[in-house]
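Accompanying notes for the structure given below.
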Amino acid sequence: SAVISQKPSRDICQRGTSLTIQCQVDSQVTMMFWYRQQPGQSLTLIATANQGSEATYESGFVIDKFPISRPNLTFSTLTVSNMSPEDSSIYLCSAMRGGVDEKLFFGSGTQLSVL
Amino acid sequence: GESVGLHLPTLSVQEGDNSIINCAYSNSASDYFIWYKQESGKGPQFIIDIRSNMDKRQGQRVTVLLNKTVKHLSLQIAATQPGDSAVYFCAEILAGGTSYGKLTFGQGTILTVHP
């Protein structure tokens, strides 16, 4: 399995500010994703982080609000921009090595509270 | 749109009992199904997976059953322990193309194991 580290693990932010979340995988992976988990709810895919190119966003998520970088095969960042209280969620990074027996692994998440 | 849903949002069992968590899915093109366990403050942890060409797969104390006829997935936990208390999510993946690796999660079932 891959070990995925996220930083920060939690943060409390003011409305209108931005927060960048970092995701580091302990080995090279083919695919990385960012998910959001709103309080008491299931996980929703935000986007696929593409190495060396623009991320692919799911319906309802846009690059201006959630810019994503992936400079190499082990690292990605998600920025939550111009935050509002509705952005209070857990943000989770996930990764997959690919291949016949691919599995998707998750980091422990970033608990974000926006005041 | 396509979705994955659960029949029971909560399940309470006594320690030592067997637990069954159910999940319905709607996309007949789904190729791969995964069960995740999420403990408080942590990211989802992979439990077991099954491909669409199988109807049963067993792991350590867990069994996943897939009924493609009625689009139903279940997770059976044998001899449930207090440490099994968590939220359990089923998820599906559409293999290939632009959906490769992207998970669609069910709503989650809260499993509580009483000593």
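The values are calculated or read from the model by the stated rules, or taken from the named source; none is laboratory data. These numbers come from a predicted model, not from an experiment. For neighbour counting, all protein chains shown are included, and Cβ atoms are generated from backbone atoms with ideal geometry for every residue, glycine included. Calculation scope for accessible area: heavy atoms of the full protein, side chains included, ligands and nucleic acids excluded. Shrake-Rupley method; radii C 1.70, N 1.55, O 1.52, S 1.80 Å.
Within the bounds of segment A:37-54, is there any residue that is touching a residue at least 60 places away in the same chain (Cβ under 8 Å) and not aromatic (F, W, Y)?
Yes, segment A:37-54 contains a residue that is touching a residue at least 60 places away in the same chain (Cβ under 8 Å) and not aromatic (F, W, Y).
Give the residues of segment A:1-55 that are β-branched (V, I, T), in contact with a Lys or Arg (Cβ under 9 Å, 6 or more places away or on another chain) and within 12 Å of chain B (Cβ to nearest Cβ), sorted by residue number.
Selection gives A:V29, A:T30, A:T44, A:I46, A:T48.
To keep it simple, each residue is scored yes or no on (1) open to solvent by 70 Å² or more (accessible area, probe 1.4 Å); (2) modelled with pLDDT of 95 or more; (3) of a type in the set (F, W, Y); (4) over 23 Å from A:A95 (Cα atoms).
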position	(1), (2), (3), (4)
B:G5	no, no, no, yes
B:I20	yes, yes, no, yes
B:Q60	yes, no, no, yes
B:L65	no, yes, no, yes
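Touching a helix residue (DSSP H, G or I) at 6+ places or on another chain (Cβ under 9 Å) and over 17 Å from B:L103 (Cβ atoms), is that true of A:L73?
When the stated conditions are applied, A:L73 does not pass them.
Can you spot a residue in segment B:67-86 that is in a strand (DSSP E or B), surrounded by 18 or more Cβ atoms within 10 Å (Cβ to Cβ), more than 14 Å from every other protein chain (Cβ to nearest Cβ) and over 11 Å from the mean Cα position of the chain (by Cα)?
no
When you scan segment A:5-60, how many residues do you find that are assigned to a strand (DSSP E or B), farther than 21 Å from A:M83 by Cβ and open to solvent by 20 Å² or more (accessible area, probe 1.4 Å)?
Qualifying residue count for the region: 4.
Against the conditions (1) within 14 Å of chain B (Cβ to nearest Cβ); (2) of a type in the set (A, V, I, L, M, F, W, C); (3) farther than 24 Å from B:D31 by Cα; (4) in contact with a Lys or Arg (Cβ under 7 Å, 6 or more places away or on another chain), where does A:V114 fall short? Just the number, please.
The number of the failed condition is (1).
Which condition number in (1) open to solvent by less than 30 Å² (accessible area, probe 1.4 Å); (2) without any contact (Cβ under 8 Å) to a residue 40 or more places away in the chain is the one that A:K65 fails?
Every listed condition holds for A:K65 apart from (1).
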